[in-house]
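Read-outs: derived from the displayed coordinates by stated rules, not from any lab. Every value quoted in this text rests on a predicted model; they were computed, and no experiment measured them. Here the Cβ positions follow ideal geometry from the backbone for every residue, glycine too, while neighbour counts run over all protein chains shown.
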Amino acid sequence: MRRLSLTTLLTLTVLLVAGTASASAIQCCSISSDATPASQLDATFDFQVAGAVLTLTVDNDTLAPNEFNINQIYFDVSASVTSLSLTSATHSLAGDVTSDWAPVLTNQMPNGFPVMDFGLKDGMGETDPTVIQPGENIQFVFSINGGVGTFTMADFGPLVAAKFVHGPDDPESPGFEDSAFGTIPEPSTAILLSLGLIGLAAKRRRSN
């Protein structure tokens with residue numbers, strides 16, 4: 001039997017660890033709801049599951065000069081998950097902000113994007129320090145309900161979205177703060193959304 005070298009074993013270990021870690025993180029966003037470039041809408045949804053507990057950390061990765069606040073998040077789940085209950089929300093700077101984000105919303109359609117199973121909205125206003133500002137994050141902890149009882153990261157995503165608010169100059173309304181929804185959908189949805197947005201853009205050009 002051929003033995004693997006120590007270097008090969010270490011390389012395989014690194015690949016396995018990297019694969020496990022990356023599988024839980026979903027980078028948003030690839031599609032914007034309006035004229036705001038999707039490249040400016042940047043967030044990470046990091047799902048971690050232990051039994052019937054979901055820990056979701058949402059990082060606001062937007063950078064200057066295109067910094068936005070995030071005050072709404074949305075995500076899809078598998079059929080195994082019937083409901084979620086928010087048990088805590090901890091802001092990286094402000095601490096406990098659970099009451100600002102409860103309750104969990106179901107069957108949400110953020111600005112015409114496909115219906116997503118769950119969503120959370122901050123109720124304190126888009127400039128409040130408890131929203132997710134650039135470079136900050138909130139760790140949400142949910143209890144998961146469903147027929148299986150034990151869940152995995154495969155039960156969450158890959159469809160996620162966020163509302164980005166209080167951003168730089170709005171490309172559609174110069175002089176006003178920009179806001180837009182961003183999403184990362186599965187490939188088939190991405191194609192349909194792209195065609196729909198292209199059609200809307202063409203319609204606007206014809207009407208101008």
Residues of the stretch 62-80 with backbone N under 13 Å of the label point set 7 Å from the Cα of L93 along Cα→Cβ are 68-70
Rounded to two decimals, the Rg over Rh value of the stretch 25-200 from Cα coordinates and the Kirkwood Rh reads 0.96
Length gained, A50-S78, 0.36 nm per residue minus C-alpha separation, equals 8.5 nm
Extend 7 Å from the Cα of E177 along its Cα-to-C-beta direction; within the stretch 56-74, residues with backbone N under 15 Å of that point are 66-72
Distance in nm between A25 and A64 label points, each 7 Å along Cα→Cβ, equals 2.4 nm
Here the gain from full extension of D128 to M153, 0.36 nm per residue of separation minus their alpha-carbon distance, amounts to 5.9 nm
